[in-house]
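Asker: Got a structure for you, questions after.
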Amino acid sequence: MFREKFDLSGRAAVVTGGGRGIGLACAQALAEAGARVVIAEIDEAVAGEGKAALAKAGHSVDSVRLDVTDPDAVRAAADALNTRFGAIDILVNNAGIARSGTAAEEVADEHWLNVLDVNLNGTFWCARSFGAAMLARRRGAVVNIGSMSGYIVNKPQKQSFYNASKAAVHHLTRSLAAEWADRGVRVNAVAPTYIDTPLTRFGMEDPELYRIWLDMTPMRRVGRPDEIASVVLFLASDAASLMTGSIVLADGGYCCW
Ligand code: NDP
């Protein structure tokens, strides 16, 4: 009874920014559970590398080029993929950027707008377009990748723009969940701690900064992409059938202190 709840056979899933890092691990997790997976990536070369890595692990996934900041392109991709696969049952809003390390008083307009555009607007455009088709079928699951930065202010790097964008993703998650809960579409989020991906390389390669990160984490380590993908798989599956509007911390205990 319980194992079947994680079975995604017959479902189709889209993972934005799925060519590398956390998104790639999510694509693998969903594919292993039986879903047909599409990587929606801004950079076709990154998508190609991700697909090759998954092929080595025995999974054949599709990819489309998609810039999540372009609402028309998102709408067109949602239409095309829903037609091609019959239905997209699962959307993982993973594409995100950080651009950490700029004090608030020095942030340029372009910097602020760019981070909000990818992290918040992109999440909304995708949820709106893929969600509309899910609502029409009265079935679907959206999983947004938030961050512990939506709860706490990271130390010591300055990143007001990123923290604000992720807090907004969390409340967008709850807002969509409330609007869609009685129409068969669940919306949840995962809030990770520092995960070993290209996005955090700047900190992991700086011994002093990395020491502070570990000192502030009860588990005294950063996470791996697969540790986030496991939570995404759970939230996307029927195992989480009663969950909507949840922001699930996967933070090694960071927010306990
Ligand atoms: P990566 O930088 O490794 O991967 C992000 C992916 O998103 C890249 O493949 C990137 O493409 C793609 N992307 C960026 N902009 C767009 C866009 N406009 N349209 C489509 N795809 C795009 O990051 P992570 O795997 O670390 O992060 C994934 C998510 O997890 C992000 O939302 C991030 O904020 C969140 N997160 C990460 C944490 C961490 O410590 N790593 C902690 C908490 C949350 P390209 O290669 O071309 O840049």
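The values are calculated or read from the model by the stated rules, or taken from the named source; none is laboratory data. Predicted model, so just to flag it, every value in this text is computed and none were measured. Quick reminder, even Gly has a Cβ in these numbers, built from the backbone with ideal geometry, and neighbours come from all protein chains shown.
Asker: Out of Ala167, Ala141, I need the residue that is away from the ligand (no atom under 11 Å from the Cβ), in contact with a Phe, Trp or Tyr (Cβ under 8 Å, 6 or more places away or on another chain) and touching a residue at least 12 places away in the same chain (Cβ under 8 Å). Which one? Working first, answer last.
Answerer: Values: Ala141 fails: in contact with a Phe, Trp or Tyr (Cβ under 8 Å, 6 or more places away or on another chain).
Step by step, each of Ala167, Ala141 is checked, and only Ala167 is away from the ligand (no atom under 11 Å from the Cβ), in contact with a Phe, Trp or Tyr (Cβ under 8 Å, 6 or more places away or on another chain) and touching a residue at least 12 places away in the same chain (Cβ under 8 Å).
Asker: Where in segment 94-207 are there helices (runs of 4 or more DSSP H), lying wholly inside it, with at least 1 residues that are under 23 Å from Val74 (Cβ atoms), β-branched (Val, Ile, Thr) and over 14 Å from the mean Cα position of the chain (by Cα)? Before you say what the answer is, go through the steps one by one.
Answerer: Values: elements: 109-116, 122-137, 160-180, 201-204.
The helices (runs of 4 or more DSSP H) meeting that bar are 109-116.
Rundown of residues vs (1) on the phi > 0 side of the Ramachandran plot; (2) modelled with pLDDT of 95 or more; (3) of a type in the set (Gly, Ala, Ser); (4) out of contact with any helix residue (DSSP H, G or I) (no Cβ under 9 Å at 6 or more places or on another chain), yes/no style:
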position: Asp7; (1), (2), (3), (4): no, yes, no, no
position: Gly10; (1), (2), (3), (4): yes, yes, yes, yes
position: Gly21; (1), (2), (3), (4): yes, yes, yes, no
position: Ala31; (1), (2), (3), (4): no, yes, yes, no
position: Asp43; (1), (2), (3), (4): no, yes, no, yes
position: Ala52; (1), (2), (3), (4): no, yes, yes, yes
position: Leu81; (1), (2), (3), (4): no, yes, no, no
position: Asn93; (1), (2), (3), (4): no, yes, no, no
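Asker: Out of Arg65, Arg36, report the one residue that is more than 16 Å from the ligand (Cβ to nearest atom) and more than 25 Å from Ser147 (Cβ to Cβ). Step through it out loud before you land on a result.
Answerer: On the way: Arg65 fails: more than 16 Å from the ligand (Cβ to nearest atom).
Unique residue meeting the criteria: Arg36.
Asker: May I pose another question? Do the conditions hold for Phe2, that is, is it buried (at least 16 other Cβ atoms within 10 Å of the Cβ) and either at pLDDT 95 or above or more than 15 Å from the ligand (Cβ to nearest atom) (or both)? I'd like the intermediate steps shown before the answer.
Answerer: Working: buried (at least 16 other Cβ atoms within 10 Å of the Cβ): no; either at pLDDT 95 or above or more than 15 Å from the ligand (Cβ to nearest atom) (or both): yes.
Answer is no for this residue.
Asker: Another question, then. For segment 230-257, how many residues are farther than 26 Å from Met1 by Cβ and part of a loop (DSSP other than H, G, I, E, B)? Please lay out each step first, then the result.
Answerer: First, the residues of segment 230-257 that are farther than 26 Å from Met1 by Cβ: 247, 249, 251-257.
Applying the additional criterion that residues be part of a loop (DSSP other than H, G, I, E, B) yields 251-253, 257.
Residues flagged as farther than 26 Å from Met1 by Cβ and part of a loop (DSSP other than H, G, I, E, B) within segment 230-257 amount to 4.
Asker: Something else now. Name the residue, out of Asp79, Asp89, that is crowded, with 20+ Cβ neighbours inside 10 Å and more than 12 Å from the ligand (Cβ to nearest atom). It would help to see each step written out before you state the result.
Answerer: Values: Asp79 fails: crowded, with 20+ Cβ neighbours inside 10 Å.
On inspection, the qualifying residue turns out to be Asp89.
Asker: Ok, one more. Looking at segment 208-229, which of the residues that are among the basic types (Lys, Arg) and part of a loop (DSSP other than H, G, I, E, B) is nearest to the ligand (Cβ to nearest atom)?
Answerer: Arg224
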